[in-house]
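To keep things clear, I will list the structure first and then write my remarks on it.
The values are calculated or read from the model by the stated rules, or taken from the named source; none is laboratory data. A quick note: this is a predicted structure, and the numbers were derived from the prediction, not measured. Using ideal geometry, Cβ is built from the backbone for each residue, glycine included, and neighbour counts are taken over all protein chains shown. When the accessible area is computed, the model is the full protein with side chains, heavy atoms only, and any ligands, DNA or RNA have been set aside. Shrake-Rupley method; radii C 1.70, N 1.55, O 1.52, S 1.80 Å.
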Amino acid sequence: MKIKILLGISLCICILCSCDPKNKDIIEPLQPTIEQPEEPNKPAESEEPQKPEEQAPIKEIININNKYMIIGTNDWYAITYGNEKYVTFNESGYLSTSTDGINWTTPKIPISGMKNKVGGLTFINDKFIGVTLINTNSYAIYSTDGENWVHYKIGNGNFNIIMYGNGIYVAVNLFGGVYTSIDGENWTINAKELSPQSTWNDGTFGNGKFVVINGETGNKHIATSTDGKNWSIKVVGTSYFKCIAFGDGKFIATNYYRKVFTSTDGENWTQLDDLPFEANDIIFVQ
């Protein structure tokens, strides 16, 4: 199967290679086009013109060698790929999809009451999954086609992370609260929270373990677990992490200072070169 890698900075080595003028295969960044609303008809003299629904453009999506896709803007927060379709959400909960990564559908809110970014967006078990706030509650959201979504309440707190591995779903909120589920619909809170109880930003599953990263100021905390209930926490350096993904046998993470790190075990990390911009998401798609 052809492997596609979709990372919000993940394979930064390839980005660096793109700076080499000898690299003839690199494709220049493409500007996806989005269907724009039709011009409103001229109203009667006493009426105000109807304002079209405001849409945030999809930008800063970079295509390199038709293999690596990177998204990193304040408008579009998360991106993934599955069932031959790209799916992305912006920070206000708007959804857009594409079959080629170039032409995108008009952004829309897929679930009534959804107004926030989607965390942990990925494609597993033949469906797209993520976590978000709907009205004032936290939900896991699922879709098989990227267009129609169902949602199941998780618990308290603002969730950034949802993962699946070893036959279990794991969701982690911003303050270290851990919830698990067998079916992705019914959730149980873990008796013990992750410490420190603040700024758990992202997580992934690879090499038989869950790995989540902490954005606590001054340190990079890594928490690992094989069952989603018992966790080992380690400080691996300074400058806090933002994004993490797993693919091709290794973990890849970035921090808020545009630095990239790789690891094979999720605990011992090697720093790579800096990124040209701060990434919002990293995702590996197969």
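Overview of values
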| read-out | value |
| --- | --- |
| Accessible surface of segment 144-235, 1.4 Å probe, proportion on carbon and sulfur as whole % | 47 |
| Rough spin-label spacing in nm, given labels placed 7 Å along Cα→Cβ, for residue 234 and residue 198 | 2.5 |
| Förster radius 45 Å - calculated FRET efficiency between residue 189 and residue 105 (Cβ-Cβ, nearest 0.05) | 0.80 |
| Sequence-distant residues sharing a close amide H with residue 190 (under 5 Å, placed H) | 178, 179, 180 |
| Anisotropy class of segment 162-253 from Cα gyration tensor, a/c 1.5 cut | oblate |
| Segment residue 92-residue 270, length gained on full extension (0.36 nm per residue, minus Cα span) | 60.7 nm |
| Entries in 192/229; 192/234; 117/242; 209/259 that, when Cα-Cα distance is taken, lie over 19 Å | 209/259 |
| From phi via Karplus (6.51, -1.76, 1.60), per-residue ³J(HN,Hα) for segment 151-163 in Hz, x at Gly/Pro | 9, 9, 5, 9, x, 8, x, 8, 8, 10, 10, 9, 9 |
| Radius 15 Å from Cβ of residue 143, net charge of other residues (Lys, Arg +1; Asp, Glu -1) | -2 |
| J(HN,Hα) series, segment 207-215, from Karplus relation 6.51 cos²θ - 1.76 cosθ + 1.60, nearest Hz, glycine and proline x | 6, x, 9, 7, 10, 10, 10, 10, x |
| 5 angstrom amide H check on residue 250, placed H, neighbours 5+ away | none |
